[in-house]
Amino acid sequence: MNSIDKSFVNKYKKNGFCYGIEIFSENETNNIRSEIEDLELKFKNGVSGQKLDQYFRVNGHIVIPLLANLSKSPKILDHVELLLGSNILVWSVELFIKEPGSSKIVSWHQDLTYWGMGETDGEVTAWIALSNVTIEAGCMRFIPGSHNKNILKHEDTFHKDNLLSRGQEIKGISEKDAVFAPLRPGEMSLHHGKCLHASGINNSNERRIGVAIRYVKPDVKGTDNDHDFAMLVRGLDDKSGWYNFAGPRGLFNKKDLVIYNYILNYQSKVLMAGANTNEGMYKTIK
Ligand SMILES: O=C(O)CCC(=O)C(=O)O
């Protein structure tokens, strides 16, 4: 492991999040962003009958090599290893994009609520900024220490401006306790799956682009399903809790698209359980 500043570990353990960790240089960040924007141009009419956004927002690592490769970045994994231990899998890679002036938001929520993994400490999200993610641009904000709570009641809103799968929201959060986590391009925040967080509209003139990578340990056991799917990115999975996905063969490879649909349909049973509609990004794909 390369030498890294480990001071983030205590912050993460105390608060449930930390931010401002430099991962990619300006040049590297620009290259990643360009590749994403090239995909937006190339697939502006969608892929395999779906909008590109479907693959950007859910499980992008299954069909987009760029996103799978990002999740294997040694510098990110060196940090995650200090939180989760030496055996690491990727459950999902997702892009969160807010256009300049866009009214898209993310309501107050805890990630683990609908993921079928229980209230585990064995999941962490690495969120990497691919643009200047300022307060004005709608960076994330967190409630320190909230990862020590249980999962709170969420209400589905399915609001069109909410970027979450069900527009799920915890009401009554005291905003004055929130800490903003702005990130410069190439910087990363890390947050615990029970840490309360949200983000506002993009009031800036720039696109606000982030990639969220959900890492899990081998022994995170699904409570709401027999198994789930994840990609081993470091060490060994000797627990058999996850069905291992090897990574994409190529960009939107036909066989990987079949796997994508299979996993999405499987996961949607858990992620949309109890919802009164099966709309949005976990809509079953035939
Ligand atoms: O990008 C955002 O504003 C929110 C992302 C988020 O909720 C997450 O990564 O868990």
Length gain on complete extension for the stretch SER86 to ASP5, per 0.36 nm per residue less the alpha carbon to alpha carbon distance? 27.4 nm
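Shape of region 65-132 from its Cα gyration tensor (a ≥ b ≥ c, root eigenvalues): rounded if a/c is under 1.5, otherwise prolate when a/b > b/c, or oblate?
Working: a/c = 2.26, a/b = 1.28, b/c = 1.77.
The shape class here is oblate.
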Cα-projected label distance for GLU37 with SER240, points at 7 Å along beta-carbon direction, nm: 4.9
Under a 5 Å amide H to amide H cut-off, with H placed in plane at 1.01 Å, what residues pair with GLU123 once short-range neighbours are removed? GLY193
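Give me the Kirkwood hydrodynamic radius of region 188-247, using the inverse of the mean 1/r over all pairs of distinct Cα atoms, in Å to one decimal.
Values: mean 1/r = 0.0684 Å⁻¹.
Kirkwood hydrodynamic radius for region 188-247: 14.6 Å.
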Around SER92, which amide H atoms from residues at least 5 apart in sequence, or from another chain, sit under 5 Å from its own amide H, with H modelled in the peptide plane? ARG214
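Within region 162-232, how many lysine pairs that are 8 or more places apart, or on different chains, have C-alpha atoms less than 20 Å apart? Don't skip to the answer; put the middle values down first.
Values: LYS171/LYS194; LYS176/LYS194; LYS194/LYS217; LYS194/LYS221.
Eligible lysine pairs with Cα atoms under 20 Å apart amount to 4.
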Hey, if you put +1 on the Cβ of every Lys and Arg and -1 on every Asp and Glu Cβ in region 40-199, which of HIS79, SER165, LEU41 ends up farthest toward the positive end of that dipole? LEU41
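With 31 Å as the cut-off, how large is the P(r) tail for region 7-280, expressed as percent of Cα-Cα pairs? Let's see the in-between values first.
Numbers: 7124 of 37401 pairs.
Everything past 31 Å amounts to 19 percent.
If you put +1 on each Lys and Arg Cβ and -1 on each Asp and Glu Cβ, how big is the dipole of the chain around its Cα centre, in Debye rounded to 20?
Result for the chain is approximately 320 debye, rounded to the nearest 20.
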With a 1.4 Å probe and all protein chains in place, put GLU22, GLU37 in order of accessible area, largest first. GLU22, GLU37
Taking the Cα-to-Cβ direction at ILE201 and at SER102 and moving 7 Å from each Cα, how far apart do the two end points lie in nm? 1.4
Mind listing the phi-derived Karplus ³J(HN,Hα) values for region 231-243, rounded to whole Hz, using 6.51, -1.76 and 1.60 with θ = phi - 60°, and x for any glycine or proline? 10, 5, 10, 7, x, 9, 9, 10, 10, 6, x, 10, 7
Between the alpha-carbon centers of region 72-108 and region 142-218, tell me the distance in whole angstrom. 11
For region 98-103, take each phi angle, set θ = phi - 60°, evaluate the Karplus expression 6.51 cos²θ - 1.76 cosθ + 1.60, and give the result in whole Hz per residue in order, putting x for glycine and proline. 10, 6, x, x, 6, 8
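For a protection proxy built on the mean count of beta-carbon atoms within 10 angstrom, sort 251-258, 200-207, 74-81, 86-93 highest first, please. Show your work: numbers first, answer last.
Numbers: 251-258: 14.9, 200-207: 16.6, 74-81: 19.4, 86-93: 23.0.
The peptides rank, most packed first, as 86-93, 74-81, 200-207, 251-258.
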Helix-only mean residue ellipticity at 222 nm for the chain, each DSSP H run of n ≥ 4 adding -39500 (n - 2.57), per residue, nearest 500: -7500 deg cm²/dmol
Just read off the accessible area of THR113 with the full protein assembly in place, 1.4 Å probe, to the nearest 10 Å². 30
Placing +1 on each Lys and Arg Cβ and -1 on each Asp and Glu Cβ in the chain, then taking the dipole about the Cα centre, the residue among HIS191, MET272, GLY210 whose Cα reaches farthest towards the positive end is MET272
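The values are calculated or read from the model by the stated rules, or taken from the named source; none is laboratory data. Being a predicted model, the structure only gives us computed values, none of them experimental. Note: ideal-geometry Cβ built from the backbone for every residue, glycine included; neighbour counts use all protein chains shown. Accessible surface areas use protein heavy atoms only, side chains included; no ligands, DNA or RNA. Shrake-Rupley method; radii C 1.70, N 1.55, O 1.52, S 1.80 Å.
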